[in-house]
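I have placed the structure first, in the form of structure tokens, so that the comments after it can refer back to it.
The values are calculated or read from the model by the stated rules, or taken from the named source; none is laboratory data. Every value quoted in this text rests on a predicted model; they were computed, and no experiment measured them. We place every Cβ from the backbone using ideal geometry, glycine too, and count neighbours over all the protein chains shown. SASA here: full protein model, heavy atoms, side chains in, ligands and nucleic acids out. Shrake-Rupley method; radii C 1.70, N 1.55, O 1.52, S 1.80 Å.
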Amino acid sequence: MNTEIINKSILPQKELLLNHSLYSKVKTIEDLKCFLQGHVYAVWDFMSLLKALQNKLTCTTTPWMPTSNLQTRYLINEIVLAEESDDNIDGEKQSHFEMYIDAMESCGADTAEIATFLENVVSTQNIFVSIKQSEIHEGIKSFLDFSFRVIEHGKAHEIAAVFTFGREDLIPEMFTAIIKNFQANFPETNLDKLVYYFDRHIELDADEHGPMAMQMITELCGDDKQKWKEVEEASKLALEKRLELWNAIEATMLQHDMATV
């Protein structure tokens with residue numbers, strides 16, 4: 001088995017994501033804000049998946065010792081550098097999560113809920129307790145719970161599978177088109193930072209991080225059929241959880257639209 005076979009295997013789940021009805025529901029600036037307020041949790045937990053891989057594949061403790069996977073540790077450190085300390089629209093260093101928060105604020109989306117959630121994570125020191133205690137949609141809770149269960153119990157190749165195949169790289173491209181359309185139709189709303197975030201995300205995924213992540217999967221699995229099978233299963237589950245997230249955001253958006261009628 002290899003990454004091409006995995007991609008074919010998860011195609012049904014990817015097709016469901018690419019053809020999800022959520023996209024056609026984002027019609028107004030308020031709809032867009034509602035989307036951002038749900039999607040921000042995926043932007044945040046992505047960093048935890050990345051850090052879990054860094055912990056497993058490089059040495060992050062002292063005394064430092066070289067790890068066995070020379071190429072893999074290079075790949076993961078390269079991805080960490082860009083995701084955690086990239087150039088924002090003003091040329092300053094920021095994580096992609098911080099860029100996303102700034103983009104939300106610049107277009108008037110509410111960041112209070114995610115801020116409260118993160119404060120609770122710090123307070124409880126237990127991500128699962130914080131997820132359970134939060135008032136976010138059950139579908140978002142399920143999405144987050146899955147990510148952190150994989151982080152806590154998953155093997156390196158399973159975490160890498162969720163990181164690589166579970167975060168569909170075609171979806172940001174779709175939303176870039178939607179947002180640029182909003183820029184033309186709602187010029188009074190500042191979406192520059194949001195467009196920059198998605199453009200940067202697409203650029204890195206297509207040119208650098210996507211190929212790097214695929215190479216990482218190949219190196220971690222090698223010729224081990226069981227590992228490839230576990231990668232396939234984890235990837236399918238990750239995409240199913242992404243569908244739950246999309247369903248949750250769509251439901252929240254519809255509730256908001258009904259409340260404002």
### Task
Six or more apart or on different chains, Cβ under 9 Å: which pairs go from a residue in the stretch 131-142 that's within 12 Å of PHE117 (Cα to Cα) to one that's open to solvent by 70 Å² or more (accessible area, probe 1.4 Å) and at pLDDT 95 or above? Could you list them?
SER134/GLU113; SER134/THR116; GLU135/GLU113; GLU135/THR116; ILE136/GLU113; LYS141/LYS132
### Message
With the structure loaded, tell me whether PHE143 is buried (at least 17 other Cβ atoms within 10 Å of the Cβ), in a helix (DSSP H, G or I) and in contact with a Lys or Arg (Cβ under 6 Å, 6 or more places away or on another chain) or whether it fails that test.
### Response
yes
### Message
among the hydrophobic types (A, V, I, L, M, F, W, C) and not in a helix (DSSP H, G or I): which single residue out of CYS59, CYS34 fits that description?
### Response
CYS59
### Task
Among the residues of the stretch 162-195, write down those that are closer than 27 Å to ALA52 by Cα and either of a type in the set (Gly, Ala, Ser) or open to solvent by 30 Å² or more (accessible area, probe 1.4 Å) (or both).
GLY166, ARG167, ASP169, LEU170, GLU173
### Message
I need the full set of residues from the stretch 164-179 which are part of a helix (DSSP H, G or I) and within 24 Å of ASP102 (Cβ to Cβ), in order please.
### Response
ILE171, PRO172, GLU173, MET174, PHE175, THR176, ALA177, ILE178, ILE179
### Message
Pairs needed: first member in the stretch 180-205, under 16 Å from MET104 (Cα atoms) and assigned to a loop (DSSP other than H, G, I, E, B); second member anywhere, modelled with pLDDT under 85 and open to solvent by 80 Å² or more (accessible area, probe 1.4 Å); C-beta distance under 9 Å; at least 6 residues apart or different chains.
### Response
LEU191/LYS180
### Task
Being in contact with a helix residue (DSSP H, G or I) (Cβ under 9 Å, 6 or more places away or on another chain), open to solvent by 10 Å² or more (accessible area, probe 1.4 Å), under 16 Å from GLU244 (Cα atoms) and not charged (D, E, K, R) is the filter here, so list the residues in the stretch 13-33 that pass it.
GLN13, LEU16, LEU18, HIS20, SER21, TYR23
